[in-house]
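What follows is calculated from the coordinates using simple rules that are stated; it is not laboratory data. Computed from a predicted structure; not experimentally measured. With ideal geometry, Cβ positions are generated from the backbone for all residues, glycine too; neighbour counts draw on all protein chains shown.
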C-alpha cells in the first residue's frame, strides 16, 4: 500500500495497481470473498484494497501529505476502515459521516460507480478531492517517499506513459521495476524489515472487476473476480 497507479484504458475501463511495502510477516496468501466484496485479508483482519459487486473499489496507502510520527494506540486500524467504507451508500456520505478522529494518516483512491476520488486524512483533517477518471494518477506513500522523491517518481511515470502501450501486463512490469542506484525511485523495494511483498492489480470493465494478487514472497498469483449486480 505504498505505490499505487490508476490508468484508464478505455471507456469506463481502468487498471489500478498497488505495490504493498510491508513487514513480510503481514503477507496474506489468498483473496477473501465476503459480503459481495473481494480483497486480500491482512493478518489483522483488514485490507488495503477491496472491490465490490456494486462497482466500487477502494485502495489505501499509509500517510497523507507529509511523513508523520507513528503514535499508537489508534482507535481503529486503517485496514478495517477500508472494509467499513462499503457500509455507506457513496463516497461523499462516507466522507461526511464516518468518524476519522484520531485515525493514523492515510490516503485512499476510490472508484465509486463511475466517479474517481482521492480521500486523505492527516493528523487533523480529512480532505476529499474529485478526480478525472479519464486521466492517469500515481500515488506514493508519504512515510516512505518524501516530496522530492515523489516528484521524481511522477516524472518517471510521465515518461513511461509516453512510450508504453497501456496493457495490464505492461503496467505490472512497470510496478516491478527497480532502480539499482537508488531504491527510492523504483517501485520494488527491499529494506530488510520492509519490502515489496505483493502487487495487487485490479481491472475494471463494464461487466465487473477482476483482481490479481501477486504474492511475491511465495511466488504465487491468485485471481478472483466479481460481477456487477
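Data table
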{"read-out": "By average C-beta atoms within 10 angstrom, highest first, the peptides 214-222, 56-64", "value": "56-64, 214-222"}
{"read-out": "Calculated FRET efficiency for the pair residue 99/residue 177, C-beta based, R₀ 35 Å, to 0.05", "value": "0.35"}
{"read-out": "Shape call, segment 27-104: gyration tensor on alpha carbons, a/c limit 1.5", "value": "oblate"}
{"read-out": "Global form of segment 34-157, assessed from the alpha-carbon gyration tensor, a/c cut-off 1.5", "value": "oblate"}
{"read-out": "Choice from 151, 78, 120 with maximal GNM fluctuation in the chain (Cα, 10 Å cutoff)", "value": "151"}
{"read-out": "GNM result for the chain, Cα springs below 10 Å: residue of 18, 140, 53 fluctuating most strongly", "value": "53"}
{"read-out": "Distance in nm between pseudo-label sites at residue 130 and residue 32 (7 Å out along the Cβ direction from Cα)", "value": "3.3 nm"}
{"read-out": "Part-to-part distance (alpha-carbon centres) for segment 178-229 and segment 1-56, which is given in Å", "value": "8 Å"}
{"read-out": "Whether the chain is rounded, prolate or oblate, judged on the alpha carbon gyration tensor where a/c under 1.5 counts as rounded", "value": "rounded"}
{"read-out": "Candidates 150, 201, 12: whichever shows maximal mean-square fluctuation once the chain is modelled as a Gaussian network with Cα springs under 10 Å", "value": "12"}
{"read-out": "Efficiency of FRET between residue 68 and residue 219 - r from beta-carbon atoms, R0 22 angstrom, step 0.05", "value": "0.05"}
{"read-out": "Potential lengthening between residue 193 and residue 88 on full extension [0.36 nm per residue; Cα-Cα distance subtracted]", "value": "34.2 nm"}
